[in-house]
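Scroll down for the structure; my scribbles are underneath it.
The values are calculated or read from the model by the stated rules, or taken from the named source; none is laboratory data. As the structure is a computational prediction, the values presented were derived from the model and not from experiment. Every residue, glycine among them, receives a Cβ derived from its backbone with ideal geometry; neighbour counts consider all protein chains shown. In case anyone asks, the SASA skips ligands and DNA or RNA and just uses the protein heavy atoms, side chains included. Shrake-Rupley method; radii C 1.70, N 1.55, O 1.52, S 1.80 Å.
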Amino acid sequence: MTAAWTPVALARDLPRLGVMPVCVDGIDVALWRSASGRLAAWADRCPHRGMRLSHGFVRGEALSCIYHGWSYGASGSCLRIPAHPDLEPPEAIRVPVHRATENNGVIWVALGDQDNTPPALTGLVPLRSVTVQARAEVIRSASGLAIGADGIARGHLASIAVAVLMQALPEGATVLHVLAEPADPAALIAASRAVEALRRAAESKGAA
Amino acid sequence: MSGDPILDEWYPVALVSQLGPLGRDTRLLGQPIRVYWGTDHQPQVSDANGRALPVTCRYGHVWTCPGTPSRPLFDIPEADQPGRRLVDVGVVRVKCSPLRAVENFLDIAHFPFVHTDILGAEPHTEVGRYDVQIRDEVDEVWATKVQFYQPQAAKSAAGGITTEYMYRVPAPTVAVLYKTCPPRPGEWDVITLFVQPLEQDLCEVWPWMALFDDTTSLTDLIHFQQTIFVQDRSILENQLPRLLPLDPGMEIPTRADMTSIAYRRWLKRRGYSFGAQLVAA
Amino acid sequence: MILYDYILSPDCYKIRLLAALTGQRLTLQAVDYHPGGEHRSAAFRMLNPAGTIPVLQDGALILTESAAILTYVAAMSGPDWLGEDSPQMRGQVAQWLAFAHRLSASIGKARSHDMLQQPADINACRRAGVACLQELESALTEQRLMGFGYLAGARPTLADIACFPHAMLAPDGGISTDPYPAIRLWTRSLRALPGFIEMPGIHRLHELKPEPIGTAGQD
Ligand SMILES: N[C@H](CCC(=O)N[C@@H](CS)C(=O)NCC(=O)O)C(=O)O
Ligand code: FES
Ligand SMILES: [Fe+2]
């Protein structure tokens, strides 16, 4: 089965040794980056007692669960069970792994197999990710952004050219991942404030 | 008896010492109840229809039973032992299954990661073999000979020691632990978790203690226990699924989880399903 | 220096945290806030008529607002934390010390409602808490665009210490922090500071310690 790529974060917001929760097609995903910079997107649930792995911690190339410290390596298989330091964890203990890739400063996740690559967004710098309590259509109509052939919303915010990637969350919320043309900090700050204004406009429109 | 294994249990619903003149409106097993002082100056409990429910006051708490009690409230003989300090720790509400709260209390493997430098610390993470039984004669789960290295086992502990524990589940939403008592070798400190199930995925937890400790102030003892429990709270609110799976398959236990395995099996055998998930999803 | 303290209070924790970061010794006097309600007692009101914690007592000086206590502890033992590099920085520190009260009144209240059953208009508290987090997120985003990692500049100050605890503990009151990447990175930097101490609900960064090697369990 092939699945679509979902934009889940700006690469800059996930440093090495970082882990964060994201949501892809209603599925909870723990997104993390190892000490060497390797990106991974896993089911956000520890196979042991169901704790969210996005609350865990990264040491070297492994993600550990905060509850009992079980650690999992690149393939999702369990490497270590601290309660039984001498035990080689059985092969069967593994976390479901999804595809993750990083492209022009954006992190994308796909739940199924995926041969193609996410759309390119060259010449832009990351601005910010903002969660809006409104559906994508409402945000589009509040923003005046135009949807291009690649399915990406583009336009201007505070006179800065931007591209906006939309990630649908359950219950009608949407995350906007905003990239902007390179500009000085003052101009980017103005664009960041315009994103906030867009959020407020879309939320009041959605509520009306 | 009503014959319903869930309704016929005793549940903690208030601290006697904290029950004010206005009483307490709360919930039990998804239904509203009211705890208040009766005309005889004894705590009383009534359900939404004004029906009086059975009441027992013991271990600092008001206990009630929405059905017909299948047996008297469990006994903790240490509560009457001279020289112990009885500590009402107060209530903490947690958005989790009442059964997950009990199971977490029976678990030691999380100490180094959740109660770091207090009840455990890396590299002392190993959980050795211990004994677990479902004691049919009393219908309780017991774990004994549980040993663990602890940096600060109690408020009164000066440094790291290997602590020995016994765990006991006398009722589906109650866990009692007995642990080595630093100032009094040969005796056991008693720490309990009394859980009031509000909904299948919401509970109020009332820790209570009977300790040998003549030096620590009461407030410091309360705060030590609140620290430990609130460290667990963010774990309990983030376990999936929200209900405790009683059938194997959803989760992967190891030898360190023998108490939890026995607890789940015992719940299933008794048909205790409030807060539980019976079929692997 | 005596701090009248409650282990679960974010406003007390910020004082303990700053003291740990600056090396200021505190004598902690535990107040039975819950379940005892000792802060409402006649004796406690002799110390602080408002009946709130934290309270700091140093000789004849008694301070009852966490912003003032932070300022005093920093002035005594870590003046860099006052953030007095420039008029702008001083203004920003004062701004965030005042903002922290909005965090207490929204996120803090939602948390004591959800956790300790204290009365509150929970929906109003959560709405106000979300608005606070959105403002904090935007401010931290702007700081990053200027190349700064902290609320009042390139280094941490009282501004960060005052806002950090409630921002971290928002989920305790049913307010998600998942939507805020800038807050996540900022709290992470604060948790990595040398001398950082935790409170119940704020776990330490286990990644700062190496994975134990070989067989554990032995001394
Ligand atoms: N004066 C404020 C008060 C902080 C605050 O609200 N503290 C809470 C405990 S976390 C309190 O004392 N509440 C009084 C009450 O609940 O009656 C400060 O220092 O920031
Ligand atoms: S739940 Fe993850 S290690 Fe136990
Ligand atoms: Fe625990």
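What the table shows:
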| item | result |
| --- | --- |
| Chains C and A, summed buried accessible surface - 1.4 Å probe, Å², nearest 100 | 2300 |
| Segments A:158-167, C:167-176 sorted - mean Cβ within 10 Å per residue, highest first | C:167-176, A:158-167 |
| Percent antiparallel among DSSP beta bridges (both partners in chain C, rounded to 5) | 65 |
| Cross-link table B:Lys179/B:Lys268; B:Lys145/B:Lys179; B:Lys95/C:Lys109, entries beyond 20 Å C-alpha to C-alpha | B:Lys179/B:Lys268 |
| Radius, Kirkwood style, for region A:150-207 when every pair of distinct Cα atoms is counted (Å) | 12.2 |
| Within-12-Å neighbourhood charge of A:Ala194 [Cβ basis; K, R +1; D, E -1] | +3 |
| Accessible area per residue, Å², the protein assembly as shown with all protein chains present, probe 1.4 Å | 39 |
| Aspartates and glutamates with Cα under 16 Å of C:Lys14, excluding same-chain neighbours fewer than 8 positions away | C:Asp5, C:Glu65, C:Asp160, C:Glu198 |
| FRET efficiency, 1/(1 + (r/R0)^6) with R0 60 Å, evaluated for B:Arg27 and A:Ala149 via beta carbons | 0.60 |
| Inverse of mean 1/r across different Cα pairs in region B:202-245, Kirkwood, Å | 12.6 |
| Between region B:76-92 and region C:153-219, the Cα center-to-center distance that results, in Å | 35 |
| Rounded percent of accessible protein surface that carbon and sulfur make up, region B:193-280, 1.4 Å probe | 58 |
| Computed accessible area, C:Ser112, all protein chains, 1.4 angstrom probe, square angstrom | 20 |
| Shielding of A:62-68 by partner chains, average beta-carbon count, 10 Å | 6 |
| Along principal axes, Cα extents of chain A, largest first, whole Å | 61, 36, 31 |
| Angstrom value of the Kirkwood radius, inverse mean 1/r, which spans all Cα pairs in region C:4-57 | 11.5 |
| In the B-C interface, the accessible area buried, summed over both sides, Å² (probe 1.4 Å) | 2600 |
| Rounded to 5, percent antiparallel among DSSP beta bridges of region B:85-277 | 95 |
| Cα-based equivalent ellipsoid, the protein assembly as shown: semi-axes from gyration tensor eigenvalues, Å | 43, 31, 26 |
| Quotient of C-alpha Rg and 2.2 N^0.38 Å, computed over region A:97-197 | 1.09 |
| Length-normalised contact order of chain B in % [C-alpha pairs under 8 Å, at least 6 apart] | 21 |
| Within the protein assembly as shown, helix-based [θ] at 222 nm, where runs of 4 or more DSSP H residues each add -39,500 (n - 2.57), nearest 500 | -8000 deg cm²/dmol |
| Area buried, chain A against chain B - accessible surface, total, 1.4 angstrom probe, square angstrom | 2200 |
| Contact order normalised by residue count of chain C, Cα under 8 Å, 6+ apart, percent | 21 |
| Residues of region A:71-102 with amide N under 16 Å of a point placed 7 Å along Cα→Cβ from A:Glu61 | A:71-80 |
